[in-house]
Amino acid sequence: SKVPFISLSNGVQMPQLGFGVWQVPDDEAAVAVRTALDVGYRSIDTAAIYGNEEGTGRAIAASGIPRDELFVTTKLWNAEQGYDSTLRAFDTSLSKLGLEYVDLYLIHWPVPGVDKYVDSWKAFEKIYAEGRAKAIGLSNFHPAHIQRLLSETEIAPVIDQVELHPQFQQSELRAFNARHNIVTEAWSPLGQGKGLLEDDRLKAIAEKHGKSPAQVVLRWHLDLGNVVIPKSVTPARIAENIDVFDFELDAQDLAAIDAMDSGNRLGPDPDTFNLV
Ligand code: NAD
């Protein structure tokens, strides 16, 4: 496929565009992941809390694609934070996925009210040292949480997966990550399909290029250097979302999308999200 790779700080190569499976029930995830693999996706983003690691694993096994051509991400759920519980949760995720290693393991949320992410990260360092995760990173971490990890632990995170879309552009976090050699990965890159894709400015840009608003938004992310993991269970949309390598946005298009930042956060604020 034409998906470029991004180099993580430890040298691991990650496809810049992948497939997300949040809110997709296990059996449906098996079908959707298989569709995604068939149309060229090689990176899959799941999480223990999504309840679809088994379906994802089944699709991977059935695809017959060599393991080293795939990039599989899963995440540690909040309730499992802490050193020993992280090691146990990781074993469970690996066995549900039916894999011997994952390419990327993420702490799903910092959960500052519980304050166990430093201990959890020490378990991540062990998992990484054992080669059972080829890279380790974070999700929903703010600069203050990352600074603390950098000062209290040994191995730097390679990536931070955060809510990011044209209405919530995260410029400060992106700049912080860039300064620390941390790749920024966008979750809900399409703004969950709510409202954003109906924006007239996006529609006009899409029409100009003969592409869809979703494709324009994904192209914008790629131009910013973000890793993106759009989700769909609709085969035509799954294919559409990876068909973004045959056109280019011009400076005017990029400026118009940059101007859409309204601070419209769709998910929880990591500083106050303490659900376990
Ligand atoms: P998204 O921005 O990818 O939007 C998905 C929705 O947009 C679909 O359900 C559909 O309604 C619509 N859509 C998709 N393709 C379309 C197209 N081509 N045309 C029109 N509409 C289209 O939202 P998401 O699923 O929230 O995020 C993507 C992935 O990010 C998730 O599946 C998950 O893997 C990850 N994620 C991670 C976190 C986290 O805390 N780390 C949180 C949310 C999501």
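The values are calculated or read from the model by the stated rules, or taken from the named source; none is laboratory data. Since this is a predicted model, take the numbers as computed values, not measurements. Please note: Cβ atoms are built from the backbone with ideal geometry, for glycine as well, and neighbour counts cover all protein chains shown.
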Test set (1) among the aliphatic types (A, V, I, L, M); (2) away from the ligand (no atom under 16 Å from the Cβ); (3) touching a residue at least 24 places away in the same chain (Cβ under 8 Å); (4) over 24 Å from SER7 (Cα atoms) - ALA144 fails condition number: (3)
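Please pick out the residue among VAL21, VAL33 that is free of Cβ contacts under 8 Å to residues at least 60 places away in the same chain and not small (Gly, Ala, Ser).
The unique qualifying residue is VAL33.
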Test set (1) without any contact (Cβ under 8 Å) to a residue 12 or more places away in the chain; (2) closer than 22 Å to ALA47 by Cα - TRP187 fails condition number: (1)
Residue count for the range 216-238, restricted to those that are polar (S, T, N, Q) and either away from the ligand (no atom under 14 Å from the Cβ) or under 17 Å from the mean Cα position of the chain (by Cα) (or both): 2
Failed item, numbered, when ARG179 is tested on (1) under 26 Å from TYR105 (Cα atoms); (2) buried (at least 16 other Cβ atoms within 10 Å of the Cβ): (2)
Leading residue by the ranking (surrounded by the most Cβ atoms within 10 Å (Cβ to Cβ)) among those in the range 87-120 that are without any contact (Cβ under 8 Å) to a residue 40 or more places away in the chain, in contact with a strand residue (DSSP E or B) (Cβ under 7 Å, 6 or more places away or on another chain) and within 26 Å of ASP271 (Cβ to Cβ): ILE107
Some residue of the range 78-86 being within 14 Å of the ligand (Cβ to nearest atom), closer than 22 Å to LYS116 by Cβ and either assigned to a helix (DSSP H, G or I) or modelled with pLDDT of 95 or more (or both): yes
Sole exception among (1) within 20 Å of VAL24 (Cα to Cα); (2) crowded, with 23+ Cβ neighbours inside 10 Å for GLN81, by number: (1)
Subset of the range 91-119 that is aromatic (Phe, Trp, Tyr) and closer than 14 Å to GLN81 by Cα - its residue that is farthest from the ligand (Cβ to nearest atom): TYR117
Tally of residues being more than 10 Å from the ligand (Cβ to nearest atom) and buried (at least 18 other Cβ atoms within 10 Å of the Cβ) across the range 187-210: 4
Wholly within the range 3-60, strands (runs of 3 or more DSSP E) carrying at least 3 residues that are within 12 Å of the ligand (Cβ to nearest atom): 43-45
Of residues in the range 9-29 being of a type outside the set (Val, Ile, Thr) and surrounded by 22 or more Cβ atoms within 10 Å (Cβ to Cβ), the one nearest to ASP246 (Cα to Cα): LEU17
Single unsatisfied condition, SER43 versus (1) buried (at least 17 other Cβ atoms within 10 Å of the Cβ); (2) small (Gly, Ala, Ser); (3) touching a residue at least 60 places away in the same chain (Cβ under 8 Å); (4) farther than 19 Å from GLY137 by Cα: (4)
Filter pass, GLN161 being modelled with pLDDT of 95 or more, under 17 Å from GLY267 (Cβ atoms), more than 9 Å from the ligand (Cβ to nearest atom) and under 19 Å from the mean Cα position of the chain (by Cα): no
